[in-house]
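Only the coordinates and a few stated rules stand behind these numbers; no lab work does. Predicted model only: the values in this text are computed from it and were never measured. Neighbour counts run over all protein chains shown; Cβ positions are idealised from the backbone, glycine included.
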Amino acid sequence: MIEWIYVWQTRLHQLLLTQVDLLKDGLSFDLVLVLLGMCFAYGLFHAAGPGHGKLVLGSYALGSRALPGRLVWLSLASSMTQGLTAIALIGVLVVIGGMLPRETESSVDWAERLSFVALGGVGLWLLIQAARQWISGERQCSHNHSRMADAGIVTSVALRPCSGAILVLVLCQSLGRFWLGAGGVVVMSVGTALGVLLVTLASITGRNLLWKASGIHHKMVNHLLALIRALLGLLLLYIAWLLLTASFAPRHPLAL
């Protein structure tokens, strides 16, 4: 399944290149409509593939007592701000600052590193909540969510812009049509938001099933929920560490 998603995402990547190249000869309603449709499809397939954004949102939904409405909002906010981050980076560095696309790599890298730190922060928050729940033997109130954790989730996703979004923005800017690239990225973010929302809803369903079981074996299930929180927290911390250390690894000198 994942291989199939990657194949189609690669195809859409090439189709995006081809479609933007057609804009050299001028704009038309049909060309713009097809480009926006491809951006939406790319965002949807991007959400279907593996990624730390879906992992952190799914983990938080499964391991927290946050209300479904707030989790849905977090999914949408994270996906949309990820697109806005790409627009802001390329807009400021390339359009306003006059930098070449290759010169923006360092800024993008540091934005990603901040997102990895935020990812680790969410993992640490889950560990702390798991310890409290294990000690008390009680689930926390559904309204006892942490605004700091919410901010960490949005930050961990938003500060790692999608490569497809960067590609569309850079290519459209090279044609003097940055506004079209920005519109495409917004549509791409909507597609990503829908995919991430499905992951979040699935996590909410799994969490609710565990809560219903707690009425039968209250203490045992609460300890199980605490254990799940702890494991998810450790997983997020481990992935954040791997991504952060890998981001400092030297790149191949011939890499483009």
Rounded FRET efficiency, nearest 0.05, which uses the C-beta distance separating Val92 from Leu17 and R0 of 30 Å: 0.80
Cβ-based net charge around Thr85, under 14 Å, with every Lys or Arg adding one and every Asp or Glu removing one: 0
Calculated FRET value between Ser136 and Ala249, using beta carbons and R₀ = 30 Å, to 0.05: 0.10
Computed FRET value (nearest 0.05) for Ser163 with Ile128, which takes r as the C-beta separation and R₀ as 30 Å: 0.35
Order of Phe40, Phe45 - criterion: other Cβ atoms within 10 Å of each residue's Cβ, fewest first: Phe40, Phe45
Least to most buried among Ser247, Ser189, Ser75 (fewest other Cβ within 10 Å first): Ser247, Ser189, Ser75
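Can you sort Asp150, Asp21 so the residue with the fewest Cβ neighbours within 10 Å comes first?
Values: Asp150 21, Asp21 11.
With the sparsest Cβ surroundings first, the list reads Asp21, Asp150.
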